[in-house]
There are 2 protein chains.
Amino acid sequence: MILTVTLNTALDITYRVQELRPHTSHRVTEVTERPGGKGLNVARVLAALGHQVTATGFAGGATGRSLREQLTRTHGLVDALVPVANATRRTVAVVDRSTGDTTQLNEPGPVITPAEWSAFLEAYDDLVRSAAAVALCGSLPPGVPVGAYAHLVRTARAAGVPVLLDTSGEPLRRGLAARPDLIKPNADELAELTGSHEPSRATQDARRRGARAVIASLGAQGLLALTPEGRWHAIPPASEHGNPTGAGDSAVAGLLSGLVDQLPWPDRLSRAVALSAATVRSPTAGDFDRAAYEKLLARVSVTAA
Amino acid sequence: MILTVTLNTALDITYRVQELRPHTSHRVTEVTERPGGKGLNVARVLAALGHQVTATGFAGGATGRSLREQLTRTHGLVDALVPVANATRRTVAVVDRSTGDTTQLNEPGPVITPAEWSAFLEAYDDLVRSAAAVALCGSLPPGVPVGAYAHLVRTARAAGVPVLLDTSGEPLRRGLAARPDLIKPNADELAELTGSHEPSRATQDARRRGARAVIASLGAQGLLALTPEGRWHAIPPASEHGNPTGAGDSAVAGLLSGLVDQLPWPDRLSRAVALSAATVRSPTAGDFDRAAYEKLLARVSVTAA
């Protein structure tokens, strides 16, 4: 089982409107809703790849109930979210029908109480023991200590379970000190962490700060990987047009999938890049186009860097 | 008991953002949620005035559950909403913090099945018998026949219960033919119904189409009333600055409140105008400022028109 942790889950709502015009009224022509937050996106992709996944984190209120109802419909995914008193946040993506341009509205996360955080830690301690790998993904809701990921990384390492950390800012900085097996920052997150906008240098710096391997995601330039086994650059066959939402989460899923399948690094990177490109190509944000994925898999270029 | 009917209930969500800019990402700094749809706004104001109110209509899904949980907290209001399979719509009002300007996103209503519509009619037939007055408010969700209000007006009249209709377009046109006791169109609704932009002429025309009394709401110009007992023009003491959302619903509540209290028309109109102005003045859209209401009440000018 792969364990994904999403402390700041969300109910992701997408509205289609003709064209968003500030200070006017809009008829929403199409509404879709689905479980969100980086870790749940990763879990969904892993489940679609045929892995057994357990998703933990927090869920509360009416929005949390909606989210959990939808999770139960995902084959291969076990819901181990910890209930909280406050309501799970919503995110609203307003898509202009004419251009596909998207305006994003993100609610703040619910405040987590110390008792709820303790209940989560207890659940996590149990779950991590039976996991083949753990992914810690996304932002922290208010009330969760900023060193939360450092603690969760240490627990996983003590249990001998490989742990991937995908977050940003101070939670990433603190988490790194606990020496996760893998981090997957994008160019902005790397620059924020290291102060360098030069990917190769920033990746090296990030590794020096404590990650066993750093996989930097560089958008259309693919992935740059610095690992104890070597350095690679994995590039998709062509730049994809479409919606990049969730492409990074699909890359995380690809890396984890390749890890538990014990693939060599170049194959793990191919899987991550192909899934990421197939996610950009999918009409639904955060889903991947399976046929595209299978075609792309053999066409990713992986070279020693 | 006053019965309010809201066939297209909504969970009204308000987001505060710094400034809405299309095609960018926004952190929502404040989220509020409350039961919405015109009839529920009317019910809330009536309850605040001390009336016993029963609210019927439809509610379904997670949004319907949230809405009902909040209704139970309103003193003096009985929830008699009929459960439906599809989810109650949301409306999202995005308020710019700097200017107070509002961008509105309205989801489509849930599709109502013929069986659900029948269940509603049965519930309504029972409720209307014990009502002192009925208000039929707002739009129709998909699946409800366009002649719905005509049917509901007839049922109320057959039971000898005064009935107010506050809707627009074809449902208003059809509803009028069933001869409601009262309609409260605004200037746009009147113009759409009659083709005339001249309020006095349009109000007369609307009355000729079947309403026993027509109370036209003309924004800052107050209310123009054509009734079997006479014609009046009721004007607030000053033009109010603020948020006009819900001002029309407060006017409906004032008219109903005055009706069941058996006030003469000029006093009913004063109540409606003062409530409407006190709603514009309230910082929260759709609530009224009670102190302002009590002060305004004596200062509304009502003259024979």
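Taking the stretch B:1-74, which trypsin sites (Lys or Arg not before Pro) meet the DSSP loop condition and have no more than 15 other C-beta atoms within 10 Å? Write down the numbers at each step before the final one.
On the way: sites: B:Arg16, B:Arg27, B:Lys38, B:Arg44, B:Arg65, B:Arg68, B:Arg73; in loops: B:Arg73.
Hits after loop and neighbour filter: B:Arg73.
Which residue, B:Pro35, B:Ala159, B:His23, has the largest displacement toward the positive end of the dipole of the stretch B:2-304 when charges sit on each Cβ (Lys, Arg +1; Asp, Glu -1)?
Toward the positive end, the furthest listed residue is B:Ala159.
Ordered shortest first, which distances in nm separate the 7 Å Cα→C-beta label point of A:Ala304 from those of the other copies?
List, nearest first: 10.4 nm.
Tell me, what HN-Hα J-couplings in whole Hz come from the Karplus equation 6.51 cos²θ - 1.76 cosθ + 1.60 at θ = phi - 60° for each residue of the stretch B:86-99, using x for Gly and Pro?
Computed from phi, the couplings for the stretch B:86-99 are 7, 7, 3, 5, 10, 10, 10, 9, 9, 9, 6, 4, 5, 10 Hz.
Just need the relative contact order of the stretch A:172-290 here, percent rounded to a whole number, with Cα pairs under 8 Å and 6+ apart.
Reported as a whole number, the value is 19 percent.
Out of the DSSP beta bridges found with both residues in the protein assembly as shown, what percent are antiparallel (nearest 5)?
Close to 40 percent.
Quick one: putting +1 on the C-beta of Lys and Arg, -1 on the C-beta of Asp and Glu, what dipole do you get for the stretch B:2-304 around its Cα centre, in Debye to the nearest 20?
Values: 31 positive and 29 negative charges, 66 e Å.
Dipole size: approximately 320 debye.
Compute the projected area of the convex hull of the Cα atoms of the stretch B:86-132, averaged over all viewing directions, and report it in nm² to one decimal place. Each step should come with its number before you reach the end.
Details: hull surface 22.6 nm².
Value for the stretch B:86-132: 5.6 nm².
Quick one, could you list the DSSP H helices from chain A stretching 18 Å or more along their long axis (Cα atoms) with average Kyte-Doolittle hydropathy of -1.0 or above?
Result, helices passing both filters: A:114-129, A:247-260, A:265-281.
Could you size up the charge dipole of the protein assembly as shown around its Cα centre, putting +1 on the beta carbon of Lys and Arg and -1 on that of Asp and Glu, and report it in debye to the nearest 20?
Its charge dipole is roughly 20 debye.
Could you compute Rg(Cα) / (2.2 N^0.38 Å) for the stretch A:161-252, with N its residue count?
Working: Rg = 12.6 Å, N = 92, 2.2 N^0.38 = 12.3 Å.
Against the compact-globule rule of thumb, the ratio is 1.03.
Once amide H atoms are built 1.01 Å from N in the peptide plane, which residues 5 or more positions from A:Ala305, or in another chain, come under 5 Å H to H?
Hits under the 5 Å cutoff: A:Arg231, A:Trp232, A:His233.
Could you give each residue of the stretch B:234-245 its phi-based ³J(HN,Hα) in whole Hz, using Karplus coefficients 6.51, -1.76, 1.60 with θ = phi - 60°, and x for Gly or Pro?
10, 10, x, x, 8, 6, 8, 9, x, 9, x, 4
Tell me what chain B gives for mean residue ellipticity at 222 nm when only DSSP H runs of n ≥ 4 count, each as -39,500 (n - 2.57), the sum divided by the residue total, rounded to 500 deg cm²/dmol. Kindly include the intermediate steps, with their values, before the conclusion.
On the way: 10 runs with 114 residues, N = 305.
Using -39500 (n - 2.57) per qualifying helix, the result is -11500 deg cm²/dmol.
May I ask which residue of A:Ala55, A:Val95, A:Leu105 lies farthest towards the positive end of the charge dipole of the stretch A:1-144, with charges of +1 (Lys, Arg) and -1 (Asp, Glu) on Cβ and the Cα centre as origin?
So the residue we want is A:Val95.
Kindly work out what percent of the DSSP beta bridges joining two residues of the stretch A:1-144 are antiparallel, to the nearest 5. Show your work: numbers first, answer last.
Numbers: 12 of 38 bridges.
That works out to approximately 30 percent antiparallel.
Positive end of the charge dipole of the stretch A:158-305 (Lys, Arg +1 and Asp, Glu -1 on Cβ, about the Cα centre): tell me which of A:Ala285, A:Pro180, A:Ala234 has its Cα farthest that way.
About the Cα centre, the residue reaching furthest to the positive side is A:Pro180.
Stokes-Einstein D for the protein assembly as shown at 4 °C, 1.567 mPa s, Kirkwood Rh over Cα pairs, in µm²/s?
48
Residue by residue, what Karplus-based ³J(HN,Hα) values in Hz, rounded to whole numbers, does the stretch A:23-29 have, using 6.51, -1.76 and 1.60 with θ = phi - 60° and x for Gly and Pro?
6, 10, 9, 10, 8, 7, 8
Name the chain A residue with the Cβ nearest the axis that maps A onto B: which is it, and what is the distance in angstrom?
Per the Cβ-to-axis criterion, the result reads A:Ala62, 2.
Using only the Cα atoms of the stretch B:2-304, construct the convex hull and provide its projected area averaged over every direction, in square nanometres to one decimal. Each step should come with its number before you reach the end.
Working: hull surface 61.0 nm².
Taking a quarter of the hull surface, the average projection is 15.3 nm².
What is the set of long-range amide H partners of B:Gly138 at a cut-off below 5 Å, with H atoms built 1.01 Å from backbone N?
Amide H neighbours of B:Gly138, under 5 Å, 5+ apart: B:Asp166, B:Thr167.
Going Cα to Cα from B:Lys295, which lysines come in below 29 Å? Please leave out same-chain ones fewer than 8 positions away.
Partners found: B:Lys38, B:Lys184.
Between copies, how far does the label point of B:Pro142 sit from its twins, in nm, shortest first, when each point is 7 Å from Cα along Cα→Cβ?
Between copies, matching label points for B:Pro142 lie 3.8 nm apart.
For q values of 0.13, 0.21 Å⁻¹, compute log₁₀ I(q)/I(0) with the Debye formula on a Cα-only model of the stretch A:1-144, without solvent.
Relative scattering, expressed as log10 I(q)/I(0), comes to -0.59, -1.22.
At what distance in angstrom do the alpha carbon centres of the stretch A:195-223 and the stretch B:278-305 lie from each other?
Between the Cα centre of the stretch A:195-223 and that of the stretch B:278-305, the gap is 62 Å.
Label-to-label distances across copies for A:Thr32, with labels 7 Å out along Cα→Cβ, in nm, shortest first?
3.3
To the nearest 20 debye, what charge dipole does the stretch B:1-105 have about its Cα centre, counting +1 at the Cβ of each Lys and Arg and -1 at the Cβ of each Asp and Glu? Could you put the intermediate results ahead of the total?
Details: 12 positive and 8 negative charges, 22 e Å.
Charge dipole, the stretch B:1-105, about its Cα centre: 100 debye, nearest 20.
Taking the Cβ-Cβ separation of B:Ser98 and A:His75 as r and a Förster radius of 51 Å, what is the calculated FRET efficiency to the nearest 0.05?
Efficiency, from the Cβ-Cβ distance: 0.60.
FYI, it's all coordinate maths here, none of it is from the lab. Just so we're clear, the structure is a prediction, and the values are computed from it rather than from any experiment. We place every Cβ from the backbone using ideal geometry, glycine too, and count neighbours over all the protein chains shown.
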